[in-house]
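Written below as structure tokens is the structure these notes are about.
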Amino acid sequence: MSIAQILKDAKAGMDKALDNAKREFSSVRSGKASPNMLDTIKVEAYGSLLPLNQVASVSAPEPRILLVTPFDKGQAKVIEKAIRESELGLDPAHQNGIIRVPLPSMTEQRRKELVKILHKLAEDGKIAVRHARTDARDKIKKLDGVSEDDKKHAEKELQKVHDDEIGRLEALLKAKEAEIMEV
């Protein structure tokens with residue numbers, strides 16, 4: 001394996017961690033309804049746990065309401081229960097096979113709780129980025145037939161990629177935090 005391949009793999013791993021953090025951030029509620037708020041919810045369906053978006057469609061017809069339409073109407077009760085029991089603090093109502101999820105207005109305290117959740121998600125993302133860097137650094141150190149100067153140069157390059165990814169994650173965090181704290 002070459003240094004270039006190791007760096008490429010590390011960058012891909014860091015990008016994946018950043019994408020995952022983005023997805024997690026989008027599930028944290030800001031002031032407006034967004035269909036991807038419910039993406040992290042898992043539903044017990046057909047004998048296994050499935051993401052909500054695989055058993056129902058989610059839309060946001062109004063700024064403070066989500067509509068969840070199960071693909072199989074028989075799953076409506078299970079989906080409603082999964083939404084109610086999630087950490088999102090939502091109170092769905094099931095009617096005629098469609099689940100309406102009104103979004104309560106957010107208090108200052110709730111906004112601060114959501115920001116804490118965001119910071120935890122961001123920290124998880126940073127840890128994943130660091131793991132990708134550590135794995136790559138270990139692979140670089142174990143390379144045979146590569147000069148010490150090339151290894152040092154590769155480690156500096158790796159650190160630069162790491163710092164860029166952490167910076168992008170911080171920027172995402174700041175933007176989402178501002179969106180949540182906006183009244």
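The values are calculated or read from the model by the stated rules, or taken from the named source; none is laboratory data. The structure presented is a predicted model; accordingly, all values stated were derived computationally and were not measured. Positions of Cβ are backbone-derived with ideal geometry, glycine not excepted, and every protein chain shown enters the neighbour counts. Just so you know, the surface numbers come from the protein's heavy atoms only, side chains and all, with ligands and any DNA or RNA stripped out. Shrake-Rupley method; radii C 1.70, N 1.55, O 1.52, S 1.80 Å.
Structural remarks
- Scanning segment 40-85 for residues that are assigned to a strand (DSSP E or B) and either of a type in the set (Lys, Arg) or on the phi > 0 side of the Ramachandran plot (or both) turns up just one, LYS42.
- Hits in segment 135-147 - residues which are in a helix (DSSP H, G or I) and either surrounded by fewer than 13 Cβ atoms within 10 Å (Cβ to Cβ) or of a type in the set (A, V, I, L, M, F, W, C) (or both): ALA136, ASP138, ILE140, LYS141
- Within segment 71-85, being within 13 Å of LEU38 (Cα to Cα), open to solvent by less than 30 Å² (accessible area, probe 1.4 Å) and not hydrophobic (A, V, I, L, M, F, W, C) holds for one residue alone: GLU80.
- Taking segment 92-125 as the range and being part of a loop (DSSP other than H, G, I, E, B) and either more than 17 Å from PRO70 (Cα to Cα) or in contact with a strand residue (DSSP E or B) (Cβ under 6 Å, 6 or more places away or on another chain) (or both) as the test, the residues that pass are PRO92, LEU103, PRO104, SER105, MET106, THR107.
- Taking the numbered list (1) open to solvent by 20 Å² or more (accessible area, probe 1.4 Å); (2) modelled with pLDDT under 85; (3) within 30 Å of LYS176 (Cα to Cα) in turn, LEU50 passes all entries but (2).
- Taking every residue in segment 133-157 that is farther than 18 Å from ASP15 by Cα and pairing it with any residue that is open to solvent by 90 Å² or more (accessible area, probe 1.4 Å), at least 6 positions away or on another chain, the pairs with Cβ-Cβ distances below 8 Å are LYS139/MET1; LEU143/MET1; LYS151/LYS141.
- Search result, residues across segment 94-125 that are open to solvent by less than 70 Å² (accessible area, probe 1.4 Å) and without any contact (Cβ under 8 Å) to a residue 60 or more places away in the chain: HIS94, GLY97, ILE98, ILE99, PRO102, PRO104, ARG110
- Leading residue by the ranking (nearest to VAL115 (Cα to Cα)) among those in segment 1-32 that are small (Gly, Ala, Ser) and open to solvent by less than 20 Å² (accessible area, probe 1.4 Å): SER30
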